[in-house]
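This report concerns only the one structure given below.
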Amino acid sequence: MSASETTLPSAPKKKPRRRLHPAWIVAAVAFLALVGAAGFRAAPGVLMVPLQNEFGWSTTVLSAAVSINLVLFGLTAPFAAALMERFGIRAVTSVALVLIGAGSALTVLVNQSWQILLTWGLLIGLGTGSMALVFAATIANTWFTKSRGLVIGILTAGSAAGQLVFLPFIAMLAQDPGWRQASLLIAAGALAVVPLVLKFLKNSPADAGVLPYGADAAPEPAASVSPDWNATPPGVNALPSGNAAVRALQVLKRASKVRTFWALVAGFAICGATTNGLIGTHFIPSAHDHGMAETTAAGLLAVVGIFDILGTIASGWLTDRFNPRILLAVYYQFRGIGLLVLPLLLSATVQPSMIVFVVIYGLDWVATVPPTAAICRQVFGADGSVVFGWVFAAHQLGAAAAALGAGAIRDATGQYTYAWFGAAAMCTIAAVISATIRKDAGAREPVLVEARAAER
């Protein structure tokens, strides 16, 4: 036989198995961290009535504690973004979770009103502020080039998932055996995530020896500003040196001279007022005023959390494909309509109309985050995460004002009706402001920011 007749055909080579990009592992751990940090967000509305029953504190006092928390939650965010750039995401996230756990655990020892201001307000406010939604933007901007909107949507949904996981258990524990056990559950949820963060949450793609997900080449460490939401951020693999607080303030100074920044600030302040400030803090007490059981009202908020997950992920997908300013205008207007009819829906029992409200409001709860973060990235480029931190600070200041204001309205009038109507009017204002953001904001305004960046 000839050699050609005896040669066996070679076996086809197997294609190398595609390895999961480390960015998705980081995103998964970040999601769990946001779930663990979100426990307290479900707590004030559930624990407010038990604390009033035990200590006799007014709604205004407890609303003040929530307001301090929300103010610190917001004002810490831009500095936390700068700290993550300076010291790494892993270190800042771990410290934040420990602060949340400590504040929640120490709450069981309070017996005077100023102490609840310290635990709910100071400690948990600083911790949750460092784990604010700017954390999601930082992860997405650092680790992803493609699908940033979707990733921000998924991570933002982590906070909703935390509310969904904790809220029913907090409500049950608050009734039996008591609110102290509910506080310990929140602490345990935050602390349980710390080992995962320390082991798996790497600071940058460079630490894992890879490029950001979807990147074709390593980013150049330039001080330029890119108007493209899907463009690779300059210097994303490097941790900036220098004082993080100074950087946060410098970014604020530059951004404050850009009109789009103030449009986002105004809209997001109203967003915070109508979510964390009103519904998150006062929906359960308001439903209780109408004769609804606290566990039932807490269950409704848990349903809001379920649809919040769906709505936020869908919003991230839409943000990658459509004009984010139009999305914002639509979201705010739908929210305003829901708040306008809410006083007519509250009753001792859950009616079908209330279920419709809960579903729609859940889909819209933080759907505003992906398009807002997208505009920050389009306009402010590499500074986008820190700018989003300042915009989120406005979100929490609005939430704090609404939480305190609604509590004062309840004490003064015996009901929340005026608070709901006022919030509905504000949503219409936010819709108009969002719709007036220029279509070409991402193409023109970076020039202003880039020119000021050269001054550094």
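Looking only at the stretch 92-121, which residues are within 19 Å of the chain's Cα centre (by Cα) and of a type in the set (A, V, I, L, M)?
Listed by number, the residues that qualify are Val92, Val95, Ala96, Leu97, Val98, Leu99, Ile100.
With the requirement that a residue be among the small types (Gly, Ala, Ser) and at pLDDT 80 or above, what does the stretch 64-82 give you?
Ala64, Ala65, Ser67, Ala80
Can you tell me which residue is nearest to Ala43 (Cα to Cα) among those in the stretch 57-71 that are open to solvent by 40 Å² or more (accessible area, probe 1.4 Å) and in contact (Cβ under 8 Å) with a residue 60 or more places away in the chain?
Among them, the one singled out is Ile68.
Got a sec? Which helices (runs of 4 or more DSSP H) wholly within the stretch 148-218 have at least 3 residues that are touching a residue at least 24 places away in the same chain (Cβ under 8 Å) and under 23 Å from Leu310 (Cβ atoms)?
148-175
Can you confirm whether Val258 is out of contact with any Gly (no Cβ under 8 Å at 6 or more places or on another chain), modelled with pLDDT under 80 and open to solvent by less than 30 Å² (accessible area, probe 1.4 Å)?
no
On the basis of being surrounded by fewer than 23 Cβ atoms within 10 Å (Cβ to Cβ) and among the hydroxyl-bearing types (Ser, Thr, Tyr), does Ser204 make the cut?
So Ser204 fits the description; yes.
What number of residues within the stretch 294-321 satisfy the criterion of being more than 18 Å from Gly45 (Cα to Cα) and out of contact with any Ser or Thr (no Cβ under 6 Å at 6 or more places or on another chain)?
13
Within the stretch 111-150, how many residues turn out to be of a type in the set (Phe, Trp, Tyr), out of contact with any strand residue (DSSP E or B) (no Cβ under 8 Å at 6 or more places or on another chain) and farther than 15 Å from Arg41 by Cα?
2
Does Ala77 satisfy being within 19 Å of Ala187 (Cα to Cα) and of a type in the set (A, V, I, L, M)?
Criteria not met by Ala77.
Can you tell me which residues in the stretch 352-363 are touching a helix residue (DSSP H, G or I) at 6+ places or on another chain (Cβ under 7 Å) and open to solvent by 10 Å² or more (accessible area, probe 1.4 Å)?
Correct list: Ser353, Phe357, Val359, Ile360, Leu363.
Determine whether the stretch 389-398 contains at least one residue that is in a helix (DSSP H, G or I), at negative phi, of a type in the set (S, T, N, Q) and open to solvent by less than 10 Å² (accessible area, probe 1.4 Å).
Yes, there is a match, as at least one residue in the stretch 389-398 is in a helix (DSSP H, G or I), at negative phi, of a type in the set (S, T, N, Q) and open to solvent by less than 10 Å² (accessible area, probe 1.4 Å).
For Ala406, state whether it is under 24 Å from Val258 (Cα atoms) and either outside any helix (DSSP H, G or I) or open to solvent by less than 40 Å² (accessible area, probe 1.4 Å) (or both).
Considered against the rule, which asks whether it is under 24 Å from Val258 (Cα atoms) and either outside any helix (DSSP H, G or I) or open to solvent by less than 40 Å² (accessible area, probe 1.4 Å) (or both), Ala406 comes out as no.
Of all residues in the stretch 307-336 being of a type in the set (A, V, I, L, M, F, W, C) and open to solvent by less than 30 Å² (accessible area, probe 1.4 Å), which is nearest to the chain's Cα centre (by Cα)?
Leu328
Could you please tell me which pairs satisfy a Cβ distance under 7 Å, a separation of 6+ or placement on different chains, a first residue in the stretch 307-322 that is under 23 Å from Ala435 (Cβ atoms), and a second residue that is charged (D, E, K, R)?
Close Cβ pairs (under 7 Å, with a partner that is charged (D, E, K, R)) amount to Gly311/Asp364.
With in contact with a Phe, Trp or Tyr (Cβ under 9 Å, 6 or more places away or on another chain), charged (D, E, K, R) and at pLDDT below 85 as the only criterion, which of Arg41, Arg86 stands out?
Every option except Arg41 fails the conditions.
Determine which single condition Ala374 fails, assuming it passes every other condition in (1) among the small types (Gly, Ala, Ser); (2) more than 19 Å from Ala423 (Cα to Cα); (3) more than 20 Å from the chain's Cα centre (by Cα); (4) surrounded by 21 or more Cβ atoms within 10 Å (Cβ to Cβ).
Only one criterion in (1) among the small types (Gly, Ala, Ser); (2) more than 19 Å from Ala423 (Cα to Cα); (3) more than 20 Å from the chain's Cα centre (by Cα); (4) surrounded by 21 or more Cβ atoms within 10 Å (Cβ to Cβ) is unmet by Ala374, namely (3).
Taking the options Ala348, Ala287, Ala269, name whichever one is of a type in the set (Gly, Ala, Ser), part of a helix (DSSP H, G or I) and open to solvent by 10 Å² or more (accessible area, probe 1.4 Å).
Ala269
The values are calculated or read from the model by the stated rules, or taken from the named source; none is laboratory data. A quick note: this is a predicted structure, and the numbers were derived from the prediction, not measured. Every residue, glycine as well, gets a Cβ built from its backbone with ideal geometry; the counts of neighbours run over all protein chains shown. With ligands, DNA and RNA removed, areas are computed over all heavy atoms of the protein, side chains included. Shrake-Rupley method; radii C 1.70, N 1.55, O 1.52, S 1.80 Å.
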